[in-house]
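Chemist: This is the structure I want to talk about, given as structure tokens.
The values are calculated or read from the model by the stated rules, or taken from the named source; none is laboratory data. From a predicted model like this one, the values you see are computed outputs, not experimental measurements. Backbone-built Cβ (ideal geometry, glycine too); neighbour counts: all protein chains shown.
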Amino acid sequence: MNTKSQRIIGLTGGIATGKTTVSNYINKIYKIPVLDADIYARKAVLPNSPILQEIFIRYGRLVQFPDGQLNRQALGDIIFNDIEEKQWLESKIHPYVKNKLEKKISQSKYSTIILSIPLLFEARLTNFVTEIWVVYSFRKEQINRLIINNNMTKKQAEKRISNQIYVGYKASLADVVLYNYSTLEVLYRQVDFYIKNKTFIHV
């Protein structure tokens, strides 16, 4: 995938493990550009987009606000309780995201870029990157963050987590594991070390 001598860091982990915290820090401190797959996924379902129209045709008013916007919470309740519906939605959004990332990578002139891809393994995008970084956090911490930051119930949070590949398994496949169950200072020190010391990364 990568034909240039770029350092392309695939940043992933489980839901609510701290990926955005890490990517924001890298971008702010090191001025390294971040390509966020979640942003492209949201663009895929903007009002009047072909994918959004397909979603409305499939689920109707169940996932549609009166103003025509997508009710993400309602859609999430559907796909995280039905594996076939989840696979259908991913079959629409993943190719869109993949295409956007591919174009952005080919256009980038930076020597290092971050690809923030929550579903790096699930969407089979590991060939896009030169190294894989996984942000790891305890399940209890993930649940607490989803309840506090995303207004989810404990049951909803557990369902979201269970619908992703276990973060411990992702960590076993990573070149770098960032442990996010202490302070932000501790997390940032880990990031600093691996940004500055590529020789410690086995790729």
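Chemist: Would you pick out the residues in region 2-44 that are assigned to a helix (DSSP H, G or I), under 23 Å from Ile143 (Cβ atoms) and more than 10 Å from the chain's Cα centre (by Cα)?
Modeler: Thr21, Val22, Ser23, Asn24
Chemist: I need a count of the residues in region 62-118 that are in contact with a Leu (Cβ under 9 Å, 6 or more places away or on another chain), assigned to a loop (DSSP other than H, G, I, E, B) and free of Cβ contacts under 8 Å to residues at least 12 places away in the same chain.
Modeler: 1
Chemist: Would region 69-82 turn up any residue that is among the aromatic types (Phe, Trp, Tyr), in contact with a Lys or Arg (Cβ under 6 Å, 6 or more places away or on another chain) and closer than 26 Å to Lys104 by Cα?
Modeler: Quick first cut of region 69-82, residues among the aromatic types (Phe, Trp, Tyr) only: 80.
Adding the requirement that they be in contact with a Lys or Arg (Cβ under 6 Å, 6 or more places away or on another chain) leaves 80.
Keeping just the survivors that are closer than 26 Å to Lys104 by Cα gives none.
No, that holds for no residue.
Chemist: Turning to a different aspect of this structure: Out of the residues in region 119-134 that are of a type in the set (D, E, K, R) and touching a residue at least 24 places away in the same chain (Cβ under 8 Å), state the one that is nearest to Ile26 (Cα to Cα). Step through it out loud before you land on a result.
Modeler: So the first thing to find is which residues in region 119-134 are of a type in the set (D, E, K, R), and the list is 122, 124, 131.
Now narrow it down to the ones that are touching a residue at least 24 places away in the same chain (Cβ under 8 Å): 122, 131.
Details: Glu122: 24, Glu131: 15 Å.
Per the criteria, the residue is Glu131.
Chemist: Here's a follow-up. Please find, among Ile113, Ile57, Ile143, the residue that is modelled with pLDDT of 95 or more and in contact with a strand residue (DSSP E or B) (Cβ under 8 Å, 6 or more places away or on another chain).
Modeler: Ile113
Chemist: Restricting to region 45-59, count the residues that are within 11 Å of Ile93 (Cβ to Cβ) and more than 17 Å from the chain's Cα centre (by Cα).
Modeler: 5
Chemist: Still on this structure: Give the residues of region 116-140 that are of a type in the set (Lys, Arg) and at pLDDT below 95, sorted by residue number.
Modeler: Across region 116-140, the qualifying residue is only Arg124.
Chemist: Would you mention how many residues in region 18-54 are within 30 Å of Ser182 (Cα to Cα), in contact with a strand residue (DSSP E or B) (Cβ under 9 Å, 6 or more places away or on another chain) and either touching a residue at least 12 places away in the same chain (Cβ under 8 Å) or among the hydroxyl-bearing types (Ser, Thr, Tyr) (or both)?
Modeler: Residues in region 18-54 being within 30 Å of Ser182 (Cα to Cα), in contact with a strand residue (DSSP E or B) (Cβ under 9 Å, 6 or more places away or on another chain) and either touching a residue at least 12 places away in the same chain (Cβ under 8 Å) or among the hydroxyl-bearing types (Ser, Thr, Tyr) (or both): 16 in total.
Chemist: Which members of region 74-88 meet the condition of being surrounded by fewer than 14 Cβ atoms within 10 Å (Cβ to Cβ) and either β-branched (Val, Ile, Thr) or over 17 Å from the mean Cα position of the chain (by Cα) (or both)?
Modeler: Asn81, Asp82, Ile83, Glu84
Chemist: Then there is this: Could you tell me whether region 50-70 includes any residue that is within 25 Å of Val134 (Cα to Cα) and among the small types (Gly, Ala, Ser)?
Modeler: No - not one qualifying residue is present in region 50-70.
Chemist: Check Ser111 against each of (1) under 28 Å from Ile132 (Cβ atoms); (2) in contact with a helix residue (DSSP H, G or I) (Cβ under 7 Å, 6 or more places away or on another chain) and name the one condition it does not meet.
Modeler: Just one mismatch for Ser111, condition (2).
Chemist: Collect the residues in region 146-171 that are under 23 Å from Asp36 (Cβ atoms), of a type in the set (D, E, K, R) and at pLDDT below 95, keeping them in residue-number order.
Modeler: Arg160, the sole residue that qualifies.
Residues are listed down the side, and each one gets a yes or a no for (1) of a type in the set (Val, Ile, Thr); (2) within 16 Å of the chain's Cα centre (by Cα):
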| position | (1), (2) |
| --- | --- |
| Lys109 | no, no |
| Leu115 | no, yes |
| Arg124 | no, yes |
| Val129 | yes, yes |
| Gln142 | no, yes |
| Ser182 | no, no |
